[in-house]
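Data first, discussion second: the structure below is written as structure tokens.
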Amino acid sequence: MVATYPPTSNNADTSAQAAVLDAADSTYSLLYFDSIGICAGIRNLLALSGAQWTQLYPQDWMSEDQLDKTSTPFEVIPVLYVHSKDGSQTVAVAETKNIELFLAQKFNCLGKNTYERSLICAFVSSASSLVDDIMHSVTSSPPEMKQQQMEIHMKTKVPKWIRIHEEHLLANGHNGHYVGDTISLADLRTAAIIDLIKRFPHSEYMISSETTPALVKVKETVDNHPKIKQWYETELFKSLRPTISTPPWPRPSGIRLNDRQGNKTGGLDP
């Protein structure tokens, strides 16, 4: 059985859970693989927040007992566990996009008003759609179809996305941001997508200072943010593999593993 949420029916009181999520002094544990994968934006948001957080790895995600999987709400990761300051309460926030939105809202990366939030969420959705399409069409294709699907994306879908987003960024003043003059979830998501595109064949002709200066400016602005630069210099970040298919790298000292109990008290197994 999966780790279901506490019932919210019959006018159940959820104020305690909300208080944990809203508190300024909450701490965090992120359950995901020892790779960058789909968690680049989440980890960058945690870095920007300055909050205390711990990286959790599954004990054995592919084990037959499936205890790592069934300790999560949907048998998938990432899951972000939010702990009260005293460690007595923990709330699980599941699903990548939901985690990003939660952290972006809490740490002021969704604009300064409803209009800016709608713009940022639109840019994020566009970026997410491209990644989802690539993951479904290329990664999930049988081996004999992967090359064909990759060529379709690199010749049509990726260039279209690049062209459209470059135009939006130029329209905002070519300042390294999609909306306003401060870093947002849209900036973080696009920086992660640029890293993904750069792993594709011939990508150097698609994103460059000459052809797409505004997109490059976003990537540089994100990477040069002081808090993100500090995160990039940590032992943990340097130990992360680009993808889960990359052969294992040495893990940093003091790494934590999923306790398979929903990390209910923040008491994390070493």
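For the reader, a short list of remarks on this structure follows.
- Residues of the range 161-180 falling in the label zone of Thr211, defined by backbone nitrogen less than 11 Å from a point 7 Å along Cα to beta-carbon, are 162-163.
- Candidates Ser15, Ile77, Leu185 compared by Cα position along the dipole of the chain: farthest toward the positive end lies Leu185, with charges placed on Cβ.
- Cβ-based net charge around Ser63, under 14 Å, with every Lys or Arg adding one and every Asp or Glu removing one: -3
- Length-normalised contact order of the range 53-208 in % [C-alpha pairs under 8 Å, at least 6 apart]: 18
- Given their separation in residues at 0.36 nm each and the Cα-Cα distance between them, Met62 and Tyr5 gain 18.2 nm when the chain is fully extended.
- Mean separation of Cα contacts under 8 Å (6+ apart) over length of the range 131-270, as relative contact order %: 15
- Ranked Val218, Val20, criterion: other C-beta atoms within 10 Å, fewest first: Val20, Val218
- Proximal charge balance of Ala214 [Cβ under 9 Å; K/R count +1, D/E count -1]: -1
- Checking [x] 29.9; [y] 17.7; [z] 16.1 against the coordinates, the calculated mean projected area of the Cα convex hull in nm² falls under label [z].
- Gained length - Val76 relative to Lys97, 0.36 nm times residue gap less alpha-carbon distance: 6.3 nm
- Of Thr14, Thr114, Thr90, the sequence from fewest to most neighbouring Cβ atoms within 10 angstrom is Thr114, Thr14, Thr90.
- Both radii are taken from the alpha-carbon atoms of the range 123-249; with Rh as the Kirkwood radius, Rg/Rh is 0.98.
- Normalised by the number of residues in the range 100-161, the mean separation of alpha-carbon contacts (under 8 Å, six or more apart) gives a relative contact order of 20 percent.
- A simple spin-label model places the labels of Ala12 and His136 3.1 nm from each other, with each point 7 Å out along Cα-to-Cβ.
- Working ranking of peptides 222-229, 95-102, 40-47 by packing, defined as the average number of other Cβ atoms within 10 Å per residue, highest first, is 40-47, 95-102, 222-229.
- Remark: Phe107, Phe123 ranked as Phe107, Phe123, counting other beta-carbon atoms within 10 Å and listing the fewest first.
Bear in mind that the values in this text are calculations on the coordinates, not laboratory data. Predicted, not measured: the structure shown is a model, and the values here were computed from it. Glycine also receives a Cβ, built like all others from the backbone with ideal geometry; neighbour counts cover every protein chain displayed.
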